[in-house]
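The values are calculated or read from the model by the stated rules, or taken from the named source; none is laboratory data. Keep in mind that what you see is a predicted model, and the values were worked out from it rather than measured. Note: ideal-geometry Cβ built from the backbone for every residue, glycine included; neighbour counts use all protein chains shown. We work out accessible area using only protein heavy atoms, side chains counted, and drop any ligands, DNA or RNA first. Shrake-Rupley method; radii C 1.70, N 1.55, O 1.52, S 1.80 Å.
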Amino acid sequence: MTFVFSEKPIRIAGGEGVSLYDDEGNEYLDAGASYACTPIGHCHPAVVDAVQRQASELLFVQGSYPVDARDDALDALRAVAPDGLTNVWTCNSGTEANEAALKFARSATGCSKIVATTRAFHGRTLGALSATHKPAYREAFEPLVPGVEFVEYGDSDALEAAVDDETAAVIVEPIQGEGGINPAPEGYLASAREATEEAGAALVFDEIQTGLGRTGTFWASEGVVPDVLTTAKGLASGLPMGAALCADWIAEDAGSHGSTFAGGPVVAAAAEATLSTIVDEGLAANAADVGTHLRESLSRVGPVTEVRGRGLMLGIETRQPAGRVLPKLALSENVLALPASRRVVRLLPPLTLDHEDADGIVAAVASALGVEVET
């Protein structure tokens, strides 16, 4: 039987901290954290202990039954949530969190129009895909869910003009990930907040890739509070869990929505351990510190034309296609990174990365680009 997924030519056998190991014992620095899914590193003892303990007590029960592990995870999420977002819907992935957010917004507002942005990526299920901009992701599955209007990312005037009394939601990433690591311009998120409040629409921040301390603050949108904030990826250190944090007015009229596996006890235990570790170990501050060092160092690599992003969410734009650079990084330099548009190499390493690890990434990038590190 064939796995319906493109596979890389490295068979992973184990992981610890910022490192992965293949079946021949070779060590790789995981500068992508498996698409930001291991924010506190691979096999962190706190998560391993929590999962093993919970698995020995109760592997699964459907979400309509209260369990301590889920209550603890929800308490941990509420403790870090932006003010007013105290209602939590749990699910299994980021795309499911965005599906829930869009459904909740339509139910709560009675409207159907969704405003999304160019270069946006919100997931691959049909509703979230409809708010995803890249044609290559969309075309094979059309017709998609109607009622989505795209505006230029970062253009406050265009967004304001698109939001009207038929709008259910505006969905936006504070920093675009798949779209090329594009931070929102100063004031853009605040203008989205103002436009949606005036129209009575919901503002949804997709923090699936940007959240949990990755950008140097717990949420990249800090200072602007949406009506729904979605999170996933590293929420349970790679076990399948997502969440939509909702304002009261959204939760009160969220409509009928459900999920068999949402908030299962084992993944909930992993999420509580992950969130506690991020907070207790000050990993957002570490991401800010090491991320600044990494960004400044990468900017001195000759063929790098720009380094964008915040904290440990960085995009390296080069003169070479990312598809040529990434195999060199992996197979010659033992550094695993990710693409983010044609000429952008994306770095999303564990938030435990230190300065020495960062210097190793810089040296590897320079070597893959055919130059030496400038000091």
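Below are the figures for this structure:
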quantity	calculated
In the stretch 296-334, the residues that are of a type in the set (D, E, K, R) and in a strand (DSSP E or B)	E306, R308, R310, E317
Filter pass, W249 being under 19 Å from the mean Cα position of the chain (by Cα) and among the aromatic types (F, W, Y)	no
Residue in the stretch 318-350 that is surrounded by the most Cβ atoms within 10 Å (Cβ to Cβ), counting only those that are farther than 24 Å from N26 by Cβ and touching a residue at least 40 places away in the same chain (Cβ under 8 Å)	A340
Tally, over the stretch 196-240, of residues that are open to solvent by 10 Å² or more (accessible area, probe 1.4 Å), under 19 Å from K113 (Cα atoms) and aliphatic (A, V, I, L, M)	1
Residue within the stretch 284-302 that is closer than 26 Å to N26 by Cβ, buried (at least 17 other Cβ atoms within 10 Å of the Cβ), modelled with pLDDT of 95 or more and of a type in the set (D, E, K, R) present	no
Sole exception among (1) within 18 Å of L245 (Cβ to Cβ); (2) out of contact with any strand residue (DSSP E or B) (no Cβ under 6 Å at 6 or more places or on another chain); (3) open to solvent by less than 70 Å² (accessible area, probe 1.4 Å) for L144, by number	(1)
